[in-house]
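Novice: Starting off with a structure, shown below.
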Amino acid sequence: MISRLRCSGIIVCLSAAALCGCTQSHEEPNKVTTTQQTPAAIVVMKVTAKEVNRQEKLPADLIAYRDVAIYPKVPGFVSSITVDRGSIVRSGQLLISLTAPELNDQKAQSTNQAKAVLEERNQAKSDLESLIDEQKSVGESLKAERDTYNRLKEASAYPGIIAGNDLEIAQQKAAADEAKFHSYDKKRKALEARIRSFDSKQKSAADSARSSTAIESYLQITAPFDGVITERNVHEGSFVNAPTSEKVVPLLRIQQLSLLRLVVPVPEADVAGIVSGASVSFTVPAFKGETFEGTVKRVGGSLDLSNRTMPVELDVPNPSRRLAPGMYAEVTWPVVHAKASLFVPKTSVVSTTERTFVVRIKDGVTDWIDVKPGTADGDLIEVFGNLQAGDQIAVRGTDELRAGKHVSVTDAPAASTASKARG
């Protein structure tokens with residue numbers, strides 16, 4: 001009896017197990033199908049547009065507002081130097097005196113030559129004036145002889161009044177005066193040509209004398225502007241000459257230090273926000289804790305291809321000359337963009353070996369949008385690409401979220417998107 005009961009229980013259990021197995025085998029496929037048809041849920045956030053108005057630290061160099069190396073224009077010996085390194089000078093102040101003995105001889109020779117030519121010209125001009133007076137006298141005599149000849153010729157028309165010999169003599173005198181008058185013409189032209197020659201010689205001698213005087217002025221070297229002597233390389237007695245190459249060491253170097261130039265290499269991304277006339281602060285290691293000011297005055301207009309920056313010059317007043325050319329400066333540069341920039345969570349930007357992108361979701365379909373990251377702002381980062389403010393992007397970007405995939409979206413909470421992405 002007991003055995004029959006045990007057998008019946010076993011059969012019941014096996015039947016129940018079989019029924020359960022059949023039920024599971026029919027229900028499991030339906031469960032898998034339901035899972036496959038449900039789109040993945042993606043946490044998204046809208047692209048944010050906002051004005052960029054921040055500051056960043058940029059390196060810069062201080063240089064002299066004007067920096068001139070002083071060389072001699074003519075050869076000579078240094079007779080005196082009135083300045084030394086560190087001397088404060090004024091525009092036009094005498095710095096160096098040179099001597100050139102042969103220049104004095106050349107100047108004296110040119111002056112004497114000009115004087116001699118002038119005397120010869122004056123003599124030729126005096127001879128010409130005398131010749132003109134004599135020719136005038138001969139011309140008057142010629143007129144009188146012609147008048148006499150003409151009267152005698154008219155009278156000879158009546159026989160017995162004028163002897164034939166007298167008429168011939170009058171004719172010969174008129175012809176002689178006429179020949180003499182024409183000879184004066186030749187002499188006058190010769191004297192005029194001689195005077196022109198003296199004029200040319202005198203001009204050449206005068207030019208030579210002036211040239212010597214101009215060269216003599218080069219022996220006095222003066223300051224081209226107010227400044228400070230920052231370099232001295234010669235002493236009294238040194239022979240100097242005009243430079244023949246860029247490697248020649250200058251006699252002196254003068255720099256304007258009351259006003260300096262601060263050269264700032266501005267990154268390409270920030271070039272559009274450069275504002276002429278803006279006041280910018282900076283610091284230098286020599287004066288820790290102290291801030292200086294400069295004004296934007298000049299923009300390079302072309303990028304340096306080696307580092308993709310544009311040189312911008314600031315004018316820095318330096319009346320006390322505390323700042324010096326060559327100092328390194330750190331500038332607090334104001335970054336202002338011409339229009340609002342787009343920002344996304346840092347976790348949205350995906351970088352692979354081939355591209356950098358964010359995953360945009362439009363009409364429930366994913367798309368990869370290439371972007372170029374900019375400056376970070378907290379948990380957000382500036383991006384440049386084919387995006388618009390309000391576009392939905394995946395808060396947590398990944399290359400596993402392939403383009404063209406259908407997804408469902410849920411908005412990220414107002415709290416930190418970065419912490420949401422990490423969760």
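The values are calculated or read from the model by the stated rules, or taken from the named source; none is laboratory data. Please read these numbers as outputs of a predicted model, since none were measured by experiment. Here Cβ is always computed from backbone atoms with ideal geometry, including for glycine, and neighbour counts include all displayed protein chains.
Novice: Across region 345-375, what is the total count of residues that are charged (D, E, K, R), out of contact with any Gly (no Cβ under 7 Å at 6 or more places or on another chain) and surrounded by fewer than 20 Cβ atoms within 10 Å (Cβ to Cβ)?
Specialist: Counting residues in region 345-375 that are charged (D, E, K, R), out of contact with any Gly (no Cβ under 7 Å at 6 or more places or on another chain) and surrounded by fewer than 20 Cβ atoms within 10 Å (Cβ to Cβ) gives 6.
Novice: Looking only at region 351-369, decide whether some residue is assigned to a strand (DSSP E or B), at pLDDT 90 or above and of a type in the set (Gly, Ala, Ser). Explain how you work it out, then say what you get.
Specialist: Of the residues in region 351-369, the ones assigned to a strand (DSSP E or B) are 351, 356-362, 365-369.
Still in the running and at pLDDT 90 or above: 351, 356-362, 365-369.
Filter once more, keeping what is of a type in the set (Gly, Ala, Ser): 351.
Yes, because at least one residue in region 351-369 is assigned to a strand (DSSP E or B), at pLDDT 90 or above and of a type in the set (Gly, Ala, Ser).
Novice: Out of region 35-55, which residues are under 41 Å from the mean Cα position of the chain (by Cα), among the polar types (S, T, N, Q) and modelled with pLDDT under 75?
Specialist: Of everything in region 35-55, just one residue is under 41 Å from the mean Cα position of the chain (by Cα), among the polar types (S, T, N, Q) and modelled with pLDDT under 75, namely ASN53.
Novice: Mind counting the residues in region 331-359 that are touching a residue at least 24 places away in the same chain (Cβ under 8 Å) and more than 26 Å from ARG54 (Cβ to Cβ)?
Specialist: 2
Novice: Then there is this: Could you check how many residues of region 227-242 are touching a strand residue (DSSP E or B) at 6+ places or on another chain (Cβ under 7 Å), over 13 Å from VAL83 (Cβ atoms) and not in a strand (DSSP E or B)?
Specialist: 2
Novice: Another one. Residue under question is ALA403, and the condition is that it be touching a Phe, Trp or Tyr at 6+ places or on another chain (Cβ under 9 Å), within 30 Å of VAL263 (Cβ to Cβ) and either in a loop (DSSP other than H, G, I, E, B) or among the small types (Gly, Ala, Ser) (or both); does it hold?
Specialist: no
Novice: To continue, here is another question. Find the residue count for region 243-257, including only residues that are part of a loop (DSSP other than H, G, I, E, B) and basic (Lys, Arg).
Specialist: Taking region 243-257 and keeping what is part of a loop (DSSP other than H, G, I, E, B), we get 243-251.
Now drop any that are not basic (Lys, Arg), which leaves 247.
Residues meeting the conditions: 1.
Novice: Moving to a separate point now. Might you let me know whether region 206-224 holds any residue that is within 30 Å of LEU95 (Cα to Cα), touching a residue at least 40 places away in the same chain (Cβ under 8 Å) and among the acidic types (Asp, Glu)?
Specialist: Taking every residue of region 206-224 in turn, at least one turns out to be within 30 Å of LEU95 (Cα to Cα), touching a residue at least 40 places away in the same chain (Cβ under 8 Å) and among the acidic types (Asp, Glu).
Novice: May I ask you to list the residues in region 53-77 that are out of contact with any strand residue (DSSP E or B) (no Cβ under 6 Å at 6 or more places or on another chain) and either surrounded by 15 or more Cβ atoms within 10 Å (Cβ to Cβ) or under 21 Å from PRO250 (Cβ atoms) (or both)?
Specialist: TYR71, LYS73, VAL74, PRO75
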